[in-house]
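The values are calculated or read from the model by the stated rules, or taken from the named source; none is laboratory data. This is a predicted model, so every value here is computed, not measured. All Cβ positions, even for glycine, are placed from backbone atoms using ideal geometry, and neighbour counts span all protein chains on display.
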Amino acid sequence: MTDVLAGPRSVPQERRLVTELPGPRSRELAARRAAAVSAAVGGTVPCYVERAEGAVVVDVDGNALIDLGAGIAVVNVGHAAPEVVAAVSDQVAAFSHTCFMVNPYEGYVAVCEELARITPGDHAKKSALFNSGAEAVENAVKIARHATGRSAVVVFDHAYHGRTNLTMALTAKNMPYKHGFGPFASDIYRVPMSYPYRDEPGISGAQAAARAIAVIEAQVGADEVAAVLIEPIQGEGGFVVPADGFLPAIADWCRQSGALFVADEIQTGFCRTGSWFACEAEGVVPDLITTAKGIAAGLPLSAVTGRAEIMDAVHTGGLGGTYGGNPVACAAALATIRTMREQDLAGAARAIEATMVPRLRALADRTGVIGDVRGRGAMLAVELVRPGTTEPDAELAGRIAKACHAQGVIVLTAGTFGNVLRFLPPLVIGQELLADALDVLDAAFAEQVAAR
């Protein structure tokens, strides 16, 4: 694997520490933040960013950190991707906003055309554009309910779909996403997910699907379900990859029952898992698909794409919003998609998997504290447990993440139990940079496991 954006860079693609982390300037900004920003807004890496390029983030003290988070799977094409920078600059100079519902523009239409091309299935498709992943999910539920005339929405254990009122109801984890924020939206039903590491030994994807379907039919009623909403690979829930056969069986049940199969590909989409969308791995074609994050390389944009007759079922004026499909974000999305296509970033994600998975498995064998190595493409994770058990070890996961941060490598935690380290490098990361990050991860494990 090589750096697919090799060439002159203003930010060298290397890790460089010139102060302790966080440095003095970052500490000054942290003090200003404490005085001005709500304490309810969390934080992960205590280094304040000055600039970023490719797979490297430079902080205000001049430290260069390797980014294995990509802004939570957003800058798949890398920070400051040249084609995106140029497209955004040109669009800002032309116009930055009119509201598509007032004065429309070509960029919005072109993004919808691209989504029709790249999302799974060869049926006629249409899209509507919004601002955030949560907003896309909310609108997918609106569309599904309107199109089917039903109200029940089925979601899964360990799911994460957002922080708005409806999407909090759809999300499984209480803390920090739901705690104290109720009451939540109604007619939401949760069923068991296929979680191979924590399921009964030997349960197949088809059997796990039958288990979930039995709950739906007994507790909700097949003819009440407007939509079954699922992340093909769960994100915040811990990068849970369902067993083969689970997604196709759920999708088949939806077709037979008249419910819509809605794929939340907000974190998995746009080449992250080694194909345009994670559903493609098993040939699953959703009725509706929600996208965001990697769609526009950091500018706020999201979408619901679906079968044309479903997307047209809502009355005129029923979908929209002031900023949805902002022209600058649309320009960024078109440049992002071009970059992914031209540089085969789906292939780059598969190459990242080929490099990382053997290293992570070797780490698991060596340390005895990793219960599972999982994921696909450049969406990979390790689940930490107490040795010889499946008991989650969130405390160790947190300490290892902080140890990586202190050495200039950005990693993220996740999981219902808080015990998962997840890795989401920009797809343009070079082999040497990735190897350096993995060396830091190895050292962090060795240090923190020995300290127990």
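A few comments on the model shown:
- Top-ranked residue in region 127-152 [being part of a strand (DSSP E or B) and touching a Phe, Trp or Tyr at 6+ places or on another chain (Cβ under 7 Å); ranked as farthest from residue 185 (Cα to Cα)]: 129
- The number of residues in region 355-368 being exposed (fewer than 15 other Cβ atoms within 10 Å of the Cβ) and part of a helix (DSSP H, G or I) comes to 5.
- Of all residues in region 379-394, those that are on the phi > 0 side of the Ramachandran plot have Cβ atoms under 9 Å from Cβ atoms of residues that are of a type outside the set (Ser, Thr, Tyr), 6 or more apart or on another chain, in 388/368.
- The set of residues in region 369-399 being assigned to a helix (DSSP H, G or I), more than 23 Å from residue 267 (Cα to Cα) and not charged (D, E, K, R) consists of 396 alone.
- Taking the criterion of being within 19 Å of residue 298 (Cβ to Cβ) and either surrounded by 15 or more Cβ atoms within 10 Å (Cβ to Cβ) or without any contact (Cβ under 8 Å) to a residue 60 or more places away in the chain (or both), no residue of region 94-106 qualifies.
- Residues in region 112-128 that are of a type outside the set (Gly, Ala, Ser) and touching a helix residue (DSSP H, G or I) at 6+ places or on another chain (Cβ under 6 Å): 114, 120, 125, 126.
- Only one entry of 374, 422, 366, 399 meets the criterion of being farther than 27 Å from residue 174 by Cα and among the basic types (Lys, Arg), and that entry is 366.
- Subset of region 405-452 [part of a loop (DSSP other than H, G, I, E, B), at pLDDT 95 or above and of a type outside the set (S, T, N, Q)]: 408, 411, 415, 417, 418, 424, 425, 426, 427, 428, 429, 430
- Pairing each residue of region 190-217 that is touching a residue at least 12 places away in the same chain (Cβ under 8 Å) with any residue that is acidic (Asp, Glu), provided the two are 6+ apart or on different chains, yields C-beta distances under 7 Å for 190/157; 192/157; 193/157; 197/372; 197/383; 205/244; 208/199.
- Residue among 218, 214, 210, 185 that alone is surrounded by fewer than 20 Cβ atoms within 10 Å (Cβ to Cβ), modelled with pLDDT of 95 or more and assigned to a loop (DSSP other than H, G, I, E, B): 185
- In the set (1) surrounded by fewer than 24 Cβ atoms within 10 Å (Cβ to Cβ); (2) touching a strand residue (DSSP E or B) at 6+ places or on another chain (Cβ under 9 Å); (3) not hydrophobic (A, V, I, L, M, F, W, C), the condition left unmet by residue 264 is number (1).
- Taking the criterion of being within 27 Å of residue 423 (Cα to Cα) and either touching a Cys at 6+ places or on another chain (Cβ under 6 Å) or free of Cβ contacts under 8 Å to residues at least 24 places away in the same chain (or both), the residues of region 297-343 that qualify are 340, 341, 342.
- Positions within region 226-246 being outside any loop (DSSP other than H, G, I, E, B) and farther than 14 Å from residue 153 by Cβ, in sequence order: 246
- Looking only at residues of region 233-261 that are among the aliphatic types (A, V, I, L, M) and farther than 14 Å from residue 212 by Cα, we find that the one that is surrounded by the fewest Cβ atoms within 10 Å (Cβ to Cβ) is 241.
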